[in-house]
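Just so you know, all these numbers are worked out from the coordinates, no wet-lab data involved. Owing to the predicted nature of the structure, the values given are computational and were not obtained by experimental measurement. Every residue, glycine among them, receives a Cβ derived from its backbone with ideal geometry; neighbour counts consider all protein chains shown.
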C-alpha cells in the first residue's frame, strides 16, 4: 500500500519534470519562431504602410500569441486538476478496500481501546478538516 503511494508520487514527479522540460523547449522554439515572423511582418508593414502601422501589427501578433498561451495553460490546468481528483479518489478507494488495511485498523482499535481511540479520531478529524479548509477551492486559482 505504502509502496504503491510512493511509486505514484515518483511517477507524478517524473511526469511533471518531463512536462516542464518539454514545455520549456517548446516555449524557446516558439519564441524564436514568433520573433522572426514578427520581424518579417514588421519590415513588410514598415515598407508598405509606415512605422505606426508596423508597431501596431507587431503588438497585435504578440497579443494573439499571448491569448493562445493563456487558453492552452487554462485547458492544461483543468486537465491536471481533473486527473488529480480521479487519482485521489482511486487511492482512497484502494486504501479502504484493502483487507490488510482493514485488519490493521481492527488491530489498532483492539490494542488502543475504543474509549481512548474516539478522542484521537476526533482530533484527527479536526486536523483533517482544517487542512481541507486551507486548500484552495476548485473555483479559485491558487496563488503562484
*For residue 128 and residue 74 in the same chain, what is the full-extension length gain: residue separation times 0.36 nm, less their Cα-Cα distance, in nm?*
16.5 nm
_Cα centroid of the range 18-48 to Cα centroid of the range 72-87, whole Å_ = 27 Å
_Point-to-point label distance, residue 121-residue 23, nm (Cα→Cβ direction, 7 Å offset)_ = 4.1 nm
_the range 2-97: translational diffusion in µm²/s, Stokes-Einstein, Kirkwood Rh over Cα pairs, 20 °C, 1.002 mPa s_ = 127 µm²/s
